[in-house]
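The values are calculated or read from the model by the stated rules, or taken from the named source; none is laboratory data. Because the structure is a prediction, the values reported are computed rather than measured. Because the Cβ atoms are built from the backbone with ideal geometry, glycine has one as well, and the counts that use them run over all protein chains shown.
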Amino acid sequence: MTRVFLPLAPAVGTTLELPEGEARHVLKVLRGREGDLVEISADGRLFLAELAGGRRAEVVEELEVAGDEVEVYLYQAVPKGGRMDLVVEKATEVGATGIVPLLTERGVVSPREGKVNRWRRVAEAAARQSLGSGVPEVSEPVAFEAAVREAGESGVLLHNVPGIGDVEDAVEPGVRLFVGPEGGWAGSELEAAKRAGLAVARLGSRRLRSETAGIVAVSRARAALERRVRVRGGV
């Protein structure tokens, strides 16, 4: 079973044509054959479809899907090399709602044209692999000060200093997690974050690489928020 993503929800009983990229993955990479079943995710809804030859698939039924009450956004300083690919892939797998490449004072990378499209393809592949309910939006790179003004009190700045609380204690639904570059936050950035109303939290006593911190932050924030949802629901 694999999952494909469509922009519009299909009607049960209709036959649709899979987009070329999705069809290539299902038919060439996974070697899907006529009669095989796939899941279709569209508009927050989930459908079961049967491959009907070529790129065609017949929509068999709509499946029940549990609502995702947890939204976690990652604002990640772009690491050097190809490490942003890893961040996007793994943050998607652990449930990021959206990913914002962040341009910071001590960052050493300014993404070249075409990088964002690549990251969007990485996110789509990771969502498909992890059976995510949707593909997280990967935005164009944003300068730090503009990003913190946008986030405001929903933002949490991850900082590796003693005397501050853990990320689990700082997150609320819709949280914006800010992860800095290898060189750390500049003093002017810490001041800008404070003026914008961001909370400050840490991931523990160990100093993590930037790309590791982003993945860990999303995972821990989601786990904390999901636990609160379960408690409210009496689960």
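Quick check on segment 204-218. Is at least one of its residues under 12 Å from Val70 (Cβ atoms) and out of contact with any Asp or Glu (no Cβ under 8 Å at 6 or more places or on another chain)?
yes
Of everything in segment 144-180 that's in contact (Cβ under 8 Å) with a residue 60 or more places away in the chain and closer than 15 Å to Leu208 by Cβ, which residue is farthest from the chain's Cα centre (by Cα)?
Gly180
State all residues of segment 138-181 that are within 20 Å of Val109 (Cβ to Cβ), in a helix (DSSP H, G or I) and of a type in the set (Val, Ile, Thr); if no residue qualifies, say none.
The one that is within 20 Å of Val109 (Cβ to Cβ), in a helix (DSSP H, G or I) and of a type in the set (Val, Ile, Thr): Val148.
Checking Lys194 against (1) outside any helix (DSSP H, G or I); (2) surrounded by fewer than 15 Cβ atoms within 10 Å (Cβ to Cβ); (3) on the phi < 0 side of the Ramachandran plot: exactly one of these is not met. Which one?
(1)
Would you say Glu226 is in contact with a Lys or Arg (Cβ under 8 Å, 6 or more places away or on another chain), surrounded by fewer than 20 Cβ atoms within 10 Å (Cβ to Cβ) and over 23 Å from Val109 (Cβ atoms)?
For Glu226, the condition - in contact with a Lys or Arg (Cβ under 8 Å, 6 or more places away or on another chain), surrounded by fewer than 20 Cβ atoms within 10 Å (Cβ to Cβ) and over 23 Å from Val109 (Cβ atoms) - is not met.
Could you check Glu124 against (1) in a helix (DSSP H, G or I); (2) of a type in the set (D, E, K, R); (3) surrounded by fewer than 17 Cβ atoms within 10 Å (Cβ to Cβ) and say which number it fails?
The single condition Glu124 does not satisfy is (3).
If a residue must be farther than 14 Å from Gln76 by Cα and at pLDDT below 95, how many such residues does segment 204-221 contain?
Residues flagged as farther than 14 Å from Gln76 by Cα and at pLDDT below 95 within segment 204-221 amount to 4.
Counting only residues that are part of a helix (DSSP H, G or I) and in contact with a Lys or Arg (Cβ under 8 Å, 6 or more places away or on another chain), how many does segment 101-121 have?
0
I need the full set of residues from segment 136-172 which are surrounded by fewer than 17 Cβ atoms within 10 Å (Cβ to Cβ), in contact with a helix residue (DSSP H, G or I) (Cβ under 6 Å, 6 or more places away or on another chain) and under 17 Å from Val72 (Cα atoms), in order please.
Listed by number, the residues that qualify are Gly152, Glu168.
Where in segment 1-100 are the strands (runs of 3 or more DSSP E), entirely inside, with at least 2 residues that are surrounded by fewer than 18 Cβ atoms within 10 Å (Cβ to Cβ) and without any contact (Cβ under 8 Å) to a residue 24 or more places away in the chain?
Counting at least 2 such residues, we get 45-51.
So for segment 209-225 (the condition being at negative phi, in the same structural domain as Ala96 (by TED's automatic domain parsing) and part of a loop (DSSP other than H, G, I, E, B)), does at least one residue qualify?
Yes, segment 209-225 contains a residue that is at negative phi, in the same structural domain as Ala96 (by TED's automatic domain parsing) and part of a loop (DSSP other than H, G, I, E, B).
Checking Ser188 against (1) surrounded by 16 or more Cβ atoms within 10 Å (Cβ to Cβ); (2) at pLDDT 95 or above: exactly one of these is not met. Which one?
(1) is the only condition that Ser188 fails.
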